[in-house]
Structures are given as structure tokens and as C-alpha cells.
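So the structure is just underneath, and the comments pick up after that.
The values are calculated or read from the model by the stated rules, or taken from the named source; none is laboratory data. What you see is a predicted model; the values in this text were computed from it and never measured. Positions of Cβ are backbone-derived with ideal geometry, glycine not excepted, and every protein chain shown enters the neighbour counts. These accessible areas exclude ligands, DNA and RNA; they are computed on the full protein's heavy atoms, side chains included. Shrake-Rupley method; radii C 1.70, N 1.55, O 1.52, S 1.80 Å.
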Amino acid sequence: MASAVFEVCERYVTGQAALDPVWGTMRGVAGAAGVSTDYGPEGISARADLARATLAELDAVSPDRAGGARSGRDEAAARFLRGRLLAELAAVEIGEPLRAVRAPFGLLATVRDSIDLMPKDGADDWAAVAARMAAIPWMLASWRDALALGLDRGLPAARQQAVEAALQADRYADCHTHT
């Protein structure tokens, strides 16, 4: 049986993969082949809410005790997850997701790579791949919504990153129109 800390960790990973199937695919979360991720303001908010709820859960559980001492595994897992969640929330607090343009290893590459990493063992797997590919315009539109809100709030992405990401998008689009 998993400790209370590891159960919180598992719920977080499952919840995060449900809110961000691309994230789940990129991390090898079994069953994370959902269709699309909302990269817009609502999706950002939903993931931040999950982080806050998970922090509250971590605060409510005491790491399992082994012989009266804290389990080192529980301590390490709780400390690691808490650090990651606090960093994610700090980034949201300063508006970082509203200017998240990075190349070559940013959102465009992540979405593209997530398709490569999806299972392709049968008709159901290929249907999930097709659904993810069909959802790309919506995912990019939600990202555009977040970037537009960032611009409205005076949080532009770095120009050089934006230019390189645009060139990267052109290369991806050109590659897929000739295959």
C-alpha cells in the first residue's frame, strides 16, 4: 500500500495528465493519451488550481513513519513535489505562462514530440494520434489567447524567441505539407 504522500503524488500526476495530456504523454504517464491541452488562460488557471489543491493535500498528510522516524522516501517525495508546485505557482504569479515562447524546445516542439511519443499499437492508438493532430489548431489558438493576454498585461515574450518560434512553426508546417 502506498503512503499518504505517494497517494498525493499519484493524484497530482493523474490530475495534471488529465488537464495537460501533452504533459502526460511527454512524461510517459500511462493512459495520458488524451486529446488536447488548453494552453490558454483557463487551462493555466486550472493547472494552478490543481497545484494549490495538491499543496493543501501535502500540508494535510504527515509522511509515513518508519520506527518512529520519518520515512526518507516520503520526506524526499513531499519536498520534491512541494518545490515543483511552488515554482510552478510562482511562474503563474508573475505571468510567465502568458509569455511562454521558447525555441527550439518550447511548446511547438513539445506538441509535435508528444505525437511521436503516443502509442501506435492498434486502431485505437492511431485514432488517438489522429485526434491529437486534429486538436493542434485549437491548442495553438489557446496558446495564442494566453500570449495575447500577456501582451495586454505588458508581458511580451522575448523577441528573438518569438522570431525563432515562428520560423520553427513555418518549418513544421512546410514539413507536413510535403509528406
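Listed by first and then second residue, the pairs linking a residue in region 112-123 that is of a type in the set (Val, Ile, Thr) and modelled with pLDDT of 90 or more to a residue that is open to solvent by 70 Å² or more (accessible area, probe 1.4 Å) and assigned to a helix (DSSP H, G or I), with Cβ atoms under 8 Å apart and 6 or more places separating them unless they lie on different chains, are ILE115/MET133.
Among the residues here, THR54 does not qualify as in a helix (DSSP H, G or I), hydroxyl-bearing (Ser, Thr, Tyr), open to solvent by 30 Å² or more (accessible area, probe 1.4 Å) and modelled with pLDDT of 90 or more. Within region 132-150, the set of residues being among the basic types (Lys, Arg) and either within 11 Å of GLY40 (Cβ to Cβ) or surrounded by fewer than 21 Cβ atoms within 10 Å (Cβ to Cβ) (or both) comprises just one member, ARG144.
Can you tell me which residue is nearest to VAL13 (Cα to Cα) among those in region 73-105 that are part of a loop (DSSP other than H, G, I, E, B) and open to solvent by 40 Å² or more (accessible area, probe 1.4 Å)? Before the answer, list the steps.
As a first pass, look at region 73-105 and keep what is part of a loop (DSSP other than H, G, I, E, B): 94-95, 100-105.
If we keep only those that are open to solvent by 40 Å² or more (accessible area, probe 1.4 Å) too, we end up with 94, 102, 104-105.
Details: ILE94: 24, ARG102: 24, PRO104: 26, PHE105: 22 Å.
Among those that are part of a loop (DSSP other than H, G, I, E, B) and open to solvent by 40 Å² or more (accessible area, probe 1.4 Å), it is PHE105.
Yes or no: TYR12 surrounded by 15 or more Cβ atoms within 10 Å (Cβ to Cβ), aromatic (Phe, Trp, Tyr), at pLDDT 95 or above and part of a helix (DSSP H, G or I)? Answer is yes for this residue. Look at (1) open to solvent by less than 30 Å² (accessible area, probe 1.4 Å); (2) not in a helix (DSSP H, G or I) and you find that ASP121 fails only one, number (1).
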